[in-house]
Structure formats: C-alpha cells, structure tokens
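The values are calculated or read from the model by the stated rules, or taken from the named source; none is laboratory data. Worth saying up front: this structure is predicted, and the values here are computed from it rather than measured. Positions of Cβ are generated from backbone atoms using ideal geometry, with glycine treated the same way; all protein chains shown enter the neighbour counts. Note: accessible area is taken over every heavy atom of the protein model, side chains too, but ligands, DNA and RNA are not part of it. Shrake-Rupley method; radii C 1.70, N 1.55, O 1.52, S 1.80 Å.
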Amino acid sequence: MLDITFNPIAHGFVYLTAVLDVASRRVLSHKVATILAARHAGHAAEIAEQALAQYGPPEIINTDQGS
C-alpha cells in the first residue's frame, strides 16, 4: 500500500509518503517532504520504485484514493 499523510508544523506541513506491506505492516520505503505539489509529487513514484527494486513486485498495489 502506498499512502501520503501530513502533520502540521509551525509554518505549514510535513508530508510523509510510505510504501507498506499490508500483511506484515512493515514500512518498505518512505520519504519526508515539506512541499507537496504536482511538480514535487514524483517522490511517491521514487519510493515505490525503491520498494519494488528491493522487494520485487507485489501481487497487488493499493493506494489511498483520497477523500
């Protein structure tokens, strides 16, 4: 599963993007950013590629489609 969450800080937000193994609940790859915009969203693809390179392709990839 790939998910992006955010935490408020004094001057904006910190965004955490993580790839999780749902069965073991283990974080396979992650990245923290202070900017989340369309031009900076490539970090989601980057961490997904890191997890795939290290652990191989999963049977299913699930992402949170947002609200």
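Scan the stretch 17-36 for residues that are surrounded by 14 or more Cβ atoms within 10 Å (Cβ to Cβ) and either in contact with a helix residue (DSSP H, G or I) (Cβ under 7 Å, 6 or more places away or on another chain) or over 14 Å from residue 63 (Cα atoms) (or both) and jot them down. Write out each step before concluding.
Within the stretch 17-36, the first condition is being surrounded by 14 or more Cβ atoms within 10 Å (Cβ to Cβ), and the residues that meet it are 17-20, 28-31, 33, 36.
The answer is 17, 19, 28, 29, 30, 31, 33, 36.
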Original post:
Yes or no: residue 4 of a type in the set (Val, Ile, Thr), modelled with pLDDT of 85 or more, in contact with a strand residue (DSSP E or B) (Cβ under 6 Å, 6 or more places away or on another chain) and open to solvent by 70 Å² or more (accessible area, probe 1.4 Å)?
Top reply: yes
